[in-house]
Structures are given as C-alpha cells and as structure tokens.
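Peer 1: Would you mind keeping the following structure in view while I ask a few things?
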Amino acid sequence: MTTPAEDKRATLGDLARLRDDGYAIELIDGEIVHKAQPTVAHGSSQAKLGALLDGFNRGGSGPRGPGGWWIMVEVEVLYPQAGDVYRHDVLGFRRDRHAKRPEGIPVSARPDWVCEILSPSTARYDLVKKQRTLHAHGVPHYWIVDPEHETLTVMRLADEHYMRVLDAGRGDTAVAEPFGEVELSIDELFGQDDA
C-alpha cells in the first residue's frame, strides 16, 4: 500500500520552482528527473553537433549554409498528452512551420527534430520513455548520440514506432535526415577533427 506522499506526482509548478533554484531537471511520468552532469565527451559532442549543424540555424540559404531551422540546446519542451517536460540536449524547429523562434518556458511548440546525447544515468529515459512520448506527439526525427560507443542513430517517425534510418560510427560520413544537404563526419562529432 502506498502513502499519499508516494502517490503525489510532481507538477509543472514543482518543475518551475526547482528550475528557478538553478536545477537542470525534467518532468517525466510525474517524477522530477535531474539531468546528468555532462561528461567531457557529452559536452564536447553537444558543442560539436551544434557547430556541424550551424549552417541550418538561419533564415535562408546562402554561403554559410542551407538555413531553414531554429536550432537550440537545453530548451525545455512541454509534451501535453504525456504531461512531460523534457530539456533536450539539442533540438530544432523548421522555420517554414515557425516564422518566429518558439518562446516560453517551457516551449509549447512541438519540435521537428530532437537529439539526445546519452548519459549512463539517464539513457533509459532517452531510449524508452522519451522515444515513446516524442513518437506519440509526432516529432518527425529523433537522433541518439552515444559518446561511450561513438555512434549516431537517426530515426524517422513511422506509424507504429520510430524507424531507424541510419546507424553510423567512427570512420563514417553520414547524410543524416532531416539535414540531408550536409555530410556529417562522425569522427568530428566525437572530437577527432585534427585533420
């Protein structure tokens, strides 16, 4: 038998109070989940991914890249059907769907692309719960970057589940949807960019 305290689900108000106190947290299935302290490999991959996709993070195409996206890091997004708030490592909104950059804490607009960089303590959420929630909310593309195994997995929304469309690792150069205009060096993503 559970006590009333054990039955209490965390709320958006609980999340806001902890966020205001400086905690990096998420609301998953009514539970406050603390984001893992990033390892050097995690932080490096997050920074590299942002740099590799920077050509998309602008309005129109031009000499600096194809544009067309709002790309952000560590932004909270509300998934109303699940009642969850995720603080994604990297995410993007297509500018043809969002003329203005989505705002708010948490953002209520559905992303068009989400990338999670795995940390051992929270990987189970990224690989199971978040994947199910993103699918249920119609997020078209979900990427998993795994610094420990140095892999990139790209998934596309399908009827029953996400469909894996790309698995890439060290030594690979990937054309990864939805960013098909640019080849991504997996070696560079994981810090081997000495050349």
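What follows draws every value from the coordinates through simple rules; no lab data is involved. The shown structure was predicted, so the numbers you read here are calculated from the model rather than taken from an experiment. We place every Cβ from the backbone using ideal geometry, glycine too, and count neighbours over all the protein chains shown.
Peer 1: How high is the relative contact order of the chain, given as a whole-number percent (alpha carbon pairs under 8 Å, six or more residues apart)?
Peer 2: Result for the chain is 15 percent.
Peer 1: Exposed loop sites here are GluC sites (Glu not before Pro) in DSSP loop states with at most 12 other C-beta atoms within 10 Å. What is the longest stretch of the chain lacking them?
Peer 2: Excluding the exposed sites themselves, the longest stretch runs over 1-102.
Peer 1: About the Cα centre of the chain, how large is the charge dipole given +1 on each Lys and Arg Cβ and -1 on each Asp and Glu Cβ? Please answer in debye to the nearest 20.
Peer 2: That gives the chain a dipole magnitude of about 680 debye.
Peer 1: State, to one decimal in nm, how far the label point of Val182 lies from the label point of Asp14, with both points 7 Å from Cα in the Cβ direction.
Peer 2: Each label point is offset 7 Å from its Cα along the Cβ direction, giving 3.9 nm.
Peer 1: What's the magnitude of the charge dipole for the stretch 127-195 around its Cα centre, counting Lys and Arg as +1 and Asp and Glu as -1 at the beta-carbon? Answer in Debye, nearest 20.
Peer 2: I would put it at about 560 debye.
Peer 1: Sticking with this one: Quick one: what are the phi-derived ³J(HN,Hα) couplings along the stretch 100-112, Karplus 6.51/-1.76/1.60 with θ = phi - 60°, whole Hz, x for glycine and proline?
Peer 2: Running phi through 6.51 cos²θ - 1.76 cosθ + 1.60 with θ = phi - 60° gives 10, 4, x, 10, x, 10, x, 5, 9, 6, 7, x, 9 Hz.
Peer 1: Mind running the shape call on the stretch 36-189? Use the C-alpha gyration tensor, a ≥ b ≥ c as the square roots of the eigenvalues: rounded below 1.5 for a/c, prolate if a/b tops b/c, oblate otherwise.
Peer 2: rounded
Peer 1: Sequence neighbours fewer than 8 away in the same chain don't count; with that in mind, list the lysines whose C-alpha is under 24 Å from Lys35.
Peer 2: Candidates past the 8-residue exclusion: Lys8, Lys48, Lys129, Lys130.
Peer 1: Related question: Out of the trypsin sites (Lys or Arg not before Pro) in the stretch 95-136, which ones are loop residues according to DSSP with at most 14 other C-beta atoms within 10 Å?
Peer 2: Listed in order of number, the matching sites are Arg97, Lys100.
Peer 1: To the nearest 0.05, how large is the calculated FRET efficiency for His98 and Gln37 if R₀ is 41 Å and r is the Cβ-Cβ distance?
Peer 2: 0.85
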